[in-house]
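Some notes on the structure that comes next.
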Amino acid sequence: MKRYLPLIILAILAVLPVIGLSTYMMHILILVIMWSVIGMSWNLLGGYCGQVSFGHAAYFGVGAYTAGVLYSKFDLSPWWGLPLCVVVVALFSLVLGFIVLRLRGPFFALATLASGEVMRITAENWVDFTGGTMGILIQRRTWVEKTWYFYIILIIAALTFFMIKKLVESKLGYYFVAIREDQDAAESLGINTTLYKTIALCISGVITGIAGAFYTNYMGYIDPHVVFALHDISIITIMIVMVGGVATFWGPYVGALIMVLLAEYIRSIPGLGAAHQTFFGILLIVIIIFLPNGIVGDFQKLKRLVGLRRASG
Amino acid sequence: MTSVQIEVFLQTLIAGLLLGGLYALIGLGMTLIMGVMKIINLAHGELMMVAMYIAYWMFVLFHIDPYLSIFIATPILFLIGIALQKFLINPVLKVESILPENQVILTVGIGMVLANLATLFFKSDYRSTPVDYATNAFYLSDFWKTSPIELSLSVPWTVSFVFAVIITISLWFFLAKTDTGKSIRATAQDTDAALLMGVNVKLMRVVTFGIGAGLVGAAGCLFLPIYYLFPSLGGQFTLIAFVITILGGLGSTIGAIIGGLILGVFESMTATYVGMGWAPVGRFVIFVVCLIFLPGGVASILKRKRLGK
Amino acid sequence: MSLLQVKGVSMFFGGLAAISDVSFDIQKGDILGLIGPNGAGKTTMFNVVNGFYAPSRGEVFFKGKKISGLKPHQICKLGVARTFQVVKPLQRMSVLDNVIASAYLRVNNRGEAEDIAREKIKFTGLHDDVNVISKGLPLGKRKKLEIARALATQPEMLMLDESFAGLNPAELDESIEIIRKIKERGITIMIIEHHMKVIMAISDRIVVLSYGQKLAEGTPNEIGNNPLVVEAYLGEAESA
């Protein structure tokens with residue numbers, strides 16, 4: 001049963017559009033799935049390989065702009081951005097990895113944070129190519145209703161899920177975790193840590209980039225502040241994984257579901273909408289102090305906590 | 001070079017040095033915290049923002065000059081820093097988790113809350129503090145009538161710079177001469193040895209976070225007369241502080257001062273010769289070049305000199 | 001034939017010499033003991049041979065090939081494995097997964113890696129703890145895990161950094177037995193050890209370091225009778 005759980009969930013999701021959900025519900029679902037993809041990719045690099053990135057907006061944005069620039073400069077369908085960004089983001093990750101992967105721990109984290117900001121500033125200032133702060137508007141939208149967008153992101157998510165599952169259970173997965181646990185030990189056991197960290201970064205970057213390219217197609221508008229956002233992309237990505245559970249298969253899904261629903265819920269309360277970052281910040285602090293391994297990773301602990309509260313209340 | 005070009009160059013250099021002096025103060029706070037606790041405080045810029053709002057309201061409500069507010073905002077920030085360390089960061093140091101970066105992520109959370117609360121309370125408006133000396137300046141021709149070139153020195157920039165230098169010197173004195181300062185340095189150098197020598201490491205961590213927050217609070221007051229104030233300005237100053245820390249060498253105070261000056265001059269030059277919008281990119285170019293070619297920062301050069309190698 | 005040659009190696013840290021001009025050879029199949037007082041540069045020497053440090057001067061050859069300047073993972077691939085004085089298990093992985101991770105060096109599929117890993121775990125006597133998360137192991141077993149993990153990379157030479165420190169007498173005997181068995185398999189061993197009895201009993205040759213310099217080299221007998229060594233090291237150990 002447990003083995004087939006991913007397939008069962010996939011099947012249930014696949015029939016959802018048929019039963020006629022509202023456009024808003026479809027939108028939420030698409031967002032949840034898109035964020036799960038980004039969360040999974042971050043989890044591969046951060047959770048399994050131990051390289052905590054504060055700059056996943058860089059990959060998301062480069063992917064989004066790959067699709068956007070294809071449309072605005074080359075007059076091609078932005079859908080070509082999905083396959084093309086595999087190459088573009090992989091190259092970008094290689095260059096970036098060459099610089100940031102020399103660093104360890106918090107310094108890696110900060111260097112990636114800086115890389116995201118550099119990309120945002122570059123996109124803002126390189127007006128000829130990116131359109132600067134005006135952004136890029138896709139005027140010819142492919143579909144009006146959400147169904148096909150839903151299926152496309154669902155397929156991306158399913159492929160990502162199975163690929164990462166395969167990867168984590170393979171030699172590569174062992175190497176990633178070994179690097180996370182102790183880089184010096186890993187290196188002295190014959191693991192080329194630089195190479196494998198670069199591989200993790202590239203795979204993670206490309207997946208996030210694909211999500212970015214999808215975002216361009218789906219939303220129809222991008223600008224540097226949206227796609228290279230520090231808080232609304234990079235930090236939210238970390239939060240999704242932290243809340244869901246670091247280094248767990250299901251963590252990013254649980255995290256994405258909670259974060260997207262929470263964001264929508266807070267936005268819907270009059271007068272509190274602007275405070276969503278305060279809520280996120282407090283949630284992050286609470287999670288780190290009480291459930292450092294997330295809802296999935298600390299599920300037993302969570303059950304205990306809830307149980308205790310019931311017993312005492 | 002024509003005299004105009006020389007003028008522009010010198011003016012840019014001066015502006016860069018003045019900016020660098022203030023940057024150094026921001027970097028000092030972060031480098032101290034990093035040295036003692038080995039964590040990066042990603043809420044550093046947000047703490048500065050908080051100090052700036054304190055000084056701003058002191059000015060608007062009670063007409064207290066921002067420079068006087070140093071004596072109000074710095075102690076408040078010191079207490080805030082102590083509270084953050086004691087009640088949020090210390091508990092996380094004890095929590096078992098997969099990622100050691102949890103502490104860094106925690107400071108991100110703190111920064112998010114601070115920035116967002118500021119937006120809620122004060123709206124995201126850009127505010128400037130209308131001190132009456134805001135546009136005053138010293139001119140070279142006032143002192144030297146026949147000077148072939150003209151240079152100006154903004155009064156608030158100069159005053160801020162002087163304050164920054166005074167605070168930096170006091171900090172150096174504190175670290176070098178007082179018992180608490182020496183204990184902090186011992187903790188930074190070798191926590192285990194410091195523990196064995198009877199240093200109260202736990203207390204030093206709390207005090208250091210307080211001092212770091214206080215320093216950046218003072219820097220906030222110094223920035224207020226010369227800079228716009230808005231709730232989300234923290235992020236960029238956190239990055240600046242971090243770049244300075246890398247540039248100067250982790251945990252090195254002298255390195256942070258030199259790093260701050262280098263960064264100030266470099267940014268000023270980028271703004272003049274490449275374009276205003278690119279100044280932040282210049283910041284990261286320095287950062288990347290430093291990571292690749294000088295991983296130990298300025299401190300590693302100083303160290304080599306001292307050992308005669 | 002000498003398997004490993006250390007030729008005139010010096011290692012400076014900011015002007016201070018941790019090792020200065022040390023040379024020695026290790027013959028294939030031998031056990032070479034590296035001894036010396038604290039701070040003599042033994043672990044630094046391991047770090048040079050293993051590739052964590054590139055020597056400031058001098059060269060290291062393994063099977064006639066220059067390895068100084070290579071990365072640790074390259075040196076490991078060539079057949080040199082090591083353990084750490086301060087054990088570095090992959091904390092949140094089980095004993096089995098720890099060893100599998102290093103077994104993957106020579107094989108690519110999970111089945112083969114697991115076979116190698118199980119064999120090494122049995123060899124070092126950890127078979128009862130296969131599924132224990134390594135963080136929870138007592139020190140003695142963690143030291144064994146280090147050895148199992150190093151062996152799983154199928155090395156020709158094994159470097160053991162104080163694998164006996166902190167063990168109780170029973171564990172000590174077991175470990176000596178393990179090392180004898182490793183030698184029987186034809187694996188050359190370089191070992192740092194403070195237990196003089198152990199080192200004298202198992203080593204074929206001994207190199208003595210003191211303040212970064214080579215003080216003496218010879219068979220255990222020669223070293224035991226060398227007045228310089230007795231003064232610099234053994235005397236100190238006895239009085240302590």
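Look through segment C:118-136, keep the residues that are out of contact with any helix residue (DSSP H, G or I) (no Cβ under 6 Å at 6 or more places or on another chain), within 14 Å of another protein chain (Cβ to nearest Cβ) and not basic (Lys, Arg), and return whichever of them is farthest from C:GLU156 (Cα to Cα).
Among those residues, the one meeting the criterion is C:GLY136.
Exactly one of (1) within 12 Å of chain B (Cβ to nearest Cβ); (2) at positive phi is unmet by A:SER234. Its number?
(2)
Taking the stated definitions as given, is C:SER68 within 9 Å of chain A (Cβ to nearest Cβ) and either surrounded by 23 or more Cβ atoms within 10 Å (Cβ to Cβ) or in contact with a Pro (Cβ under 8 Å, 6 or more places away or on another chain) (or both)?
Working: within 9 Å of chain A (Cβ to nearest Cβ): no; either surrounded by 23 or more Cβ atoms within 10 Å (Cβ to Cβ) or in contact with a Pro (Cβ under 8 Å, 6 or more places away or on another chain) (or both): yes.
Judged against the criteria, C:SER68 is not a match.
If the Cβ limit is 6 Å and pairs must be 6+ apart or interchain, which residue in segment C:45-68 that is modelled with pLDDT of 90 or more pairs with which residue that is part of a loop (DSSP other than H, G, I, E, B) and charged (D, E, K, R)?
Qualifying pairs under 6 Å: C:GLY51/C:LYS71.
Where residues in segment A:102-119 are more than 9 Å from chain B (Cβ to nearest Cβ) and surrounded by 20 or more Cβ atoms within 10 Å (Cβ to Cβ), which of them is nearest to A:ARG180 (Cα to Cα)?
A:THR112
Output the residues belonging to segment C:203-215 that are surrounded by fewer than 18 Cβ atoms within 10 Å (Cβ to Cβ) and within 16 Å of the chain's Cα centre (by Cα).
Within segment C:203-215, C:ASP204 is the sole residue that qualifies.
Please work out if A:PHE92 is away from chain B (no Cβ under 14 Å), crowded, with 17+ Cβ neighbours inside 10 Å and under 20 Å from the mean Cα position of the chain (by Cα).
For A:PHE92, the condition - away from chain B (no Cβ under 14 Å), crowded, with 17+ Cβ neighbours inside 10 Å and under 20 Å from the mean Cα position of the chain (by Cα) - is met.
Are there any pairs, at least 6 apart or on different chains, whose C-beta atoms fall under 7 Å, with the first in segment B:177-199 and under 18 Å from B:PHE209 (Cα atoms) and the second not in a helix (DSSP H, G or I), and if so, which?
These pairs meet every condition: B:SER183/B:VAL199; B:ALA186/B:MET197; B:ALA186/B:VAL199; B:THR187/B:VAL199; B:ALA188/B:GLY251.
Given the options C:ASP97, C:ASP115, name the one that is among the acidic types (Asp, Glu) and either within 30 Å of C:GLN5 (Cβ to Cβ) or more than 12 Å from chain A (Cβ to nearest Cβ) (or both).
Working: C:ASP97 fails: either within 30 Å of C:GLN5 (Cβ to Cβ) or more than 12 Å from chain A (Cβ to nearest Cβ) (or both).
Of the residues listed, the single one that is among the acidic types (Asp, Glu) and either within 30 Å of C:GLN5 (Cβ to Cβ) or more than 12 Å from chain A (Cβ to nearest Cβ) (or both) is C:ASP115.
Counting just the residues of segment A:238-262 that are farther than 25 Å from A:VAL177 by Cβ and surrounded by fewer than 19 Cβ atoms within 10 Å (Cβ to Cβ), which one comes out farthest from the other protein chains (Cβ to nearest Cβ)?
Filtering segment A:238-262 for residues that are farther than 25 Å from A:VAL177 by Cβ and surrounded by fewer than 19 Cβ atoms within 10 Å (Cβ to Cβ), the one farthest from the other protein chains (Cβ to nearest Cβ) comes out as A:LEU261.
Residue check: is A:VAL227 more than 9 Å from every other protein chain (Cβ to nearest Cβ), surrounded by 24 or more Cβ atoms within 10 Å (Cβ to Cβ) and over 30 Å from A:GLY132 (Cβ atoms)?
When the stated conditions are applied, A:VAL227 does not pass them.
Those residues that are free of Cβ contacts under 8 Å to residues at least 60 places away in the same chain and within 19 Å of A:LEU262 (Cβ to Cβ), I need them from segment A:19-58; list them, please. Break it down into steps so the answer makes sense when it comes.
From segment A:19-58, those free of Cβ contacts under 8 Å to residues at least 60 places away in the same chain are A:19-22, A:24-25; that's our starting set.
Once the filter is applied, which keeps residues that are free of Cβ contacts under 8 Å to residues at least 60 places away in the same chain and within 19 Å of A:LEU262 (Cβ to Cβ), segment A:19-58 yields A:TYR24, A:MET25.
On the basis of being charged (D, E, K, R), at pLDDT below 90, closer than 25 Å to A:VAL168 by Cβ and over 21 Å from the mean Cα position of the chain (by Cα), does C:LYS88 make the cut?
no
Which condition number does A:ALA186 fail, the rest of (1) touching a residue at least 12 places away in the same chain (Cβ under 8 Å); (2) part of a helix (DSSP H, G or I); (3) crowded, with 24+ Cβ neighbours inside 10 Å being met?
The number of the failed condition is (1).
Check A:LEU262, A:LEU201 and return the single one that is of a type in the set (A, V, I, L, M, F, W, C) and without any contact (Cβ under 8 Å) to a residue 24 or more places away in the chain.
Exactly one of A:LEU262, A:LEU201 is of a type in the set (A, V, I, L, M, F, W, C) and without any contact (Cβ under 8 Å) to a residue 24 or more places away in the chain, namely A:LEU262.
Does at least one position in segment A:270-285 carry a residue that is within 29 Å of A:ILE136 (Cα to Cα), within 11 Å of chain B (Cβ to nearest Cβ), buried (at least 17 other Cβ atoms within 10 Å of the Cβ) and within 14 Å of the chain's Cα centre (by Cα)?
No; the residues of segment A:270-285 include none that is within 29 Å of A:ILE136 (Cα to Cα), within 11 Å of chain B (Cβ to nearest Cβ), buried (at least 17 other Cβ atoms within 10 Å of the Cβ) and within 14 Å of the chain's Cα centre (by Cα).
Among the residues of segment C:165-186, write down those that are touching a Gly at 6+ places or on another chain (Cβ under 9 Å) and in contact (Cβ under 8 Å) with a residue 40 or more places away in the chain.
Listed by number, the residues that qualify are C:GLU174, C:ILE178, C:LYS183, C:GLY186.
Any residue in segment C:99-116 that's within 18 Å of C:ILE133 (Cβ to Cβ): show its pairings with residues that are modelled with pLDDT of 90 or more and assigned to a loop (DSSP other than H, G, I, E, B) at Cβ separation under 8 Å, as long as the two are six or more apart or on different chains.
What qualifies is C:ALA101/A:LEU189; C:ALA101/A:ILE191; C:SER102/A:LEU189; C:SER102/A:GLY190; C:SER102/C:THR153.
Do any helices (runs of 4 or more DSSP H) lying entirely in segment B:194-309 carry at least 1 residues that are modelled with pLDDT of 85 or more, and which ones are they?
It comes to B:201-223, B:234-248, B:253-273.
Tell me yes or no: at least one residue of segment C:153-161 is at pLDDT 90 or above, over 12 Å from the mean Cα position of the chain (by Cα), part of a helix (DSSP H, G or I) and at negative phi.
Scanning segment C:153-161 turns up no residue that is at pLDDT 90 or above, over 12 Å from the mean Cα position of the chain (by Cα), part of a helix (DSSP H, G or I) and at negative phi.
Whether any residue in segment A:210-220 is closer than 29 Å to A:TYR149 by Cα, without any contact (Cβ under 8 Å) to a residue 24 or more places away in the chain and in a helix (DSSP H, G or I) is what I want to check.
Start the filter on segment A:210-220 by keeping residues that are closer than 29 Å to A:TYR149 by Cα, which leaves A:210-220.
Next, from what is left, pick out any that are without any contact (Cβ under 8 Å) to a residue 24 or more places away in the chain: A:219.
Narrowing further to those that are in a helix (DSSP H, G or I): A:219.
Yes, some residue in segment A:210-220 is closer than 29 Å to A:TYR149 by Cα, without any contact (Cβ under 8 Å) to a residue 24 or more places away in the chain and in a helix (DSSP H, G or I).
Which condition does A:ILE191 not pass, out of (1) within 24 Å of A:VAL86 (Cα to Cα); (2) not in a helix (DSSP H, G or I); (3) not charged (D, E, K, R), if it passes all the others?
If we test A:ILE191 against (1) within 24 Å of A:VAL86 (Cα to Cα); (2) not in a helix (DSSP H, G or I); (3) not charged (D, E, K, R), just (1) comes out false.
When segment A:145-196 is examined, which residues are found to be aromatic (Phe, Trp, Tyr) and either over 24 Å from A:ARG3 (Cα atoms) or within 14 Å of chain C (Cβ to nearest Cβ) (or both)?
A:TRP148, A:TYR149, A:PHE150, A:TYR174, A:TYR175, A:PHE176, A:TYR196
Taking the conditions exactly as written (within 18 Å of the chain's Cα centre (by Cα), surrounded by fewer than 17 Cβ atoms within 10 Å (Cβ to Cβ) and either part of a strand (DSSP E or B) or in contact (Cβ under 8 Å) with a residue 24 or more places away in the chain (or both)), does C:GLY140 satisfy them or not?
no
The values are calculated or read from the model by the stated rules, or taken from the named source; none is laboratory data. Owing to the predicted nature of the structure, the values given are computational and were not obtained by experimental measurement. Positions of Cβ are generated from backbone atoms using ideal geometry, with glycine treated the same way; all protein chains shown enter the neighbour counts.
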